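Q: Handing you a structure now.
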Amino acid sequence: MKNSFITLIIFISLSINSQAFSQNLVTDFSKIPTEFKYKDQVFYKLPYAYNALEPYIDKETVMFHYDKHHKAYFTKYLDAIEGKNITDIEDVLKNISKYSDAIRNNAGGYYNHILYWQIMLPEGSNIPLGKLANEINKKFGSFENMKKQISDAAITKFGSGWAWLSVNKNGDLFISTTSNQDNPLMDIISENGNPILGLDVWEHAYYLKYQNKRKDYIENFWKLVNWDEIGKKYENLIKK
Ligand code: MN
């Protein structure tokens, strides 16, 4: 009797372990996510593995954020523009007052998260150089000062939204926040411009690891920022 009880316990623990093992096989966090297509459109490909932003942003958060939240904005955006002969998402955003709330939320969500993934670097942050560095010093006094202003804007943003560093039509840098999935490209936003850095402060961006400590998430976000990429975006915009 005792032996069969032990056998049963061993059997149960083995099957629990094998379930956990197959769960891990479903998501290999060390791999770059595979290509995803919907309605013949290719979803933005994450340029690094789910675990590449560890320890600052954990692999589970990246998986849910990219595979669930971001992907859902993409598919819902394509559903919302079905039959509308739309090709350029930036065009849609710049004229968003003419479109439905479904297009506004999902075009914003799709676009904003691409910027967010693009401006992070698994190897950790570098520093602004060249023209961008000069402009930051001119406008904000110093790089540290600018980061503090963006952090303060992000920390105090009420509810779900984003903090931005953008370039306005005169080529000047400015810091702003928007609610939900709005962004500075949208014609309904008064502080209008092209965002070059987007910091997601929706709870889904940090809650698994940081819970209510948005400030800690923001402090760690700075350790991942790819200023080379932001500098390229800045130089392309001021050329126009
Ligand atoms: Mn998000």
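Q: What GluC sites (Glu not before Pro) in the range 112-207 are in a loop by DSSP, with at most 14 other Cβ atoms within 10 Å of the Cβ?
A: GLU123, GLU191
Q: A further question on this structure: Work out from phi, with θ = phi - 60° and the Karplus expression 6.51 cos²θ - 1.76 cosθ + 1.60, the ³J(HN,Hα) of each residue of the range 168-177, listed in order in whole Hz, and give x for Gly and Pro.
A: 8, 5, 8, x, 8, 6, 8, 9, 8, 10
Q: First measure r as the distance between the Cβ atoms of ASP28 and LYS148, then evaluate 1/(1 + (r/R0)^6) with R0 = 41 Å and state the FRET efficiency to the nearest 0.05.
A: Once the sixth-power term is evaluated, E becomes 0.60.
Q: Still on this structure, I have one more. Starting from the amide H of ILE196, placed 1.01 Å from N in the peptide plane, find each other amide H under 5 Å away whose residue is 5 or more places distant or on another chain.
A: Hits under the 5 Å cutoff: LEU165, SER166, VAL167.
Q: At what distance in nm do the modelled label points of LYS39 and GLU191 sit from each other, each positioned 7 Å from its Cα along Cα→Cβ?
A: The modelled label-to-label distance comes out at 3.2 nm.
Q: Let me ask another. Please list, ordered by chain and number, the residues whose modelled amide H lies under 5 Å from the amide H of MET120; skip anything fewer than 5 residues away on the same chain.
A: ASN226
Q: Give me, ordered by chain and number, the residues 5 or more places off TRP202 or on other chains with an amide H under 5 Å from its own placed amide H.
A: Those qualifying (amide H under 5 Å, at least 5 residues apart or on another chain) are GLY161.
Q: Still on this model: Of LYS94/LYS138; LYS45/LYS139; LYS59/LYS213; LYS45/LYS157; LYS31/LYS147; LYS138/LYS169, which sit over 22 Å apart, Cα to Cα?
A: LYS94/LYS138; LYS45/LYS139; LYS45/LYS157; LYS31/LYS147
Q: Find, to one decimal place in angstroms, the Kirkwood hydrodynamic radius of the range 58-240, where the mean of 1/r is taken over every pair of different Cα atoms and then inverted. Don't skip to the answer; put the middle values down first.
A: Numbers: mean 1/r = 0.0594 Å⁻¹.
It is 16.8 Å.
Q: Give me the extension gain from GLU54 to HIS204: residue separation times 0.36 nm, minus the current Cα-Cα distance, reported in nm with one decimal.
A: Additional length available on full extension: 52.4 nm.
Q: Expressed as a rounded percentage, what relative contact order does the chain have, with Cα pairs under 8 Å and six or more residues apart?
A: Once divided by the residue count of the chain, the mean separation gives 21 percent.
Q: How high is the relative contact order of the range 153-240, given as a whole-number percent (alpha carbon pairs under 8 Å, six or more residues apart)?
A: 28 percent
Taken together, the values in this text are just the output of simple stated rules run on the coordinates, not laboratory data. Here the structure is a predicted model, which means the values were calculated and not measured. Please note: Cβ atoms are built from the backbone with ideal geometry, for glycine as well, and neighbour counts cover all protein chains shown.
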